[in-house]
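The next block holds one structure in the form of C-alpha cells; read it before the comments.
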Amino acid sequence: MIKNGDKYTIGVAYGDSQRFRFEDNGTISLYHQSEKANIPNTVLAWINSAKYSHLLENHVLPLREQTSSNMIQYVHDWFPVHHSAAMKKFYSENRNDLILLDWPWCFGDIMPVEWLWKVMINELNEKQIKVFSEQRLWEEIFKVWQKVCTKDFVFSLLNNITVNLERVVKNQGDYVD
C-alpha cells in the first residue's frame, strides 16, 4: 500500500461510519462499542443499507465522470452495513462504475474519514457544546461537519495517507493517533 500510495489518493472516495454519543452531563464523545441499531443517547453518522446505497448512487458514483476511466475507486471500513447483502448486490450492479479497493482491517484508524471524526469531536469539545437529545446531537454534528469538511481539509487528509500508512508499519500494525 505504501509503494502504491497514489492508488489510495487519486480518484478515490472514502466511506466510513461513526457513532457519536452524549453523556448525562451533555458532553459529546465518539462511541466505539456495540454496532447495534438502537443505542440510547447516540446517533450514527452513517446509515443503513438503503440510505448508504442512495448516498453512493447520488454523491459518489457521479464522481466517476471526473476520472479518465469513468470509474470511481471506493474504500470503506469494515462496518457491517458496508458488507450487507443489500450492499453486495449494489456493488455487483455497479461493478462497471465502482471499484472497491482493499483496506486492511487493522488500518481503520488512518482512513481519512476517521481523522475527520477526530477533528469533529475536538471541535465540539473545544467549543464545550452540550447536548441532551439525539436530535440536538445530530444538529451539532451536521453543523461541525459543514464547518470542518472543506475541500482543503479533504485534500490534506488524502495527502497524509502514505505518511499514516508508514506510521502503522512503524507501529507494527498498532493504532496511530
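The values are calculated or read from the model by the stated rules, or taken from the named source; none is laboratory data. Quantities reported herein were computed from a predicted structural model and do not represent experimental measurements. Using ideal geometry, Cβ is built from the backbone for each residue, glycine included, and neighbour counts are taken over all protein chains shown. Each accessible area value is taken on the protein alone, full model and side chains, heavy atoms only, with ligands, DNA and RNA left out. Shrake-Rupley method; radii C 1.70, N 1.55, O 1.52, S 1.80 Å.
Before moving on, here are some points about what is shown:
- Too-long pairs where the Cα-Cα distance tops 29 Å, listed order kept, from 51/127; 51/151; 89/151: 51/127; 89/151
- Probe 1.4 Å, accessible area per residue of segment 128-175, Å²: 72 Å²
- For segment 112-177, the fraction of 1.4 Å probe accessible surface lying on carbon and sulfur atoms is 52 percent.
- Angstrom value of the Kirkwood radius, inverse mean 1/r, which spans all Cα pairs in segment 5-171: 17.1 Å
- In this structure the amide hydrogen of residue 72, modeled in the peptide plane, comes within under 5 Å of the amide hydrogens of 98, 99, none closer than 5 places in sequence on its chain.
- Residue 31 long-range amide H proximity, modeled H, under 5 Å: 19, 20, 21
- For segment 44-124, trypsin sites (Lys or Arg not before Pro) are listed when DSSP marks them as loop and at most 16 other Cβ atoms sit within 10 Å of their Cβ; the list is 95.
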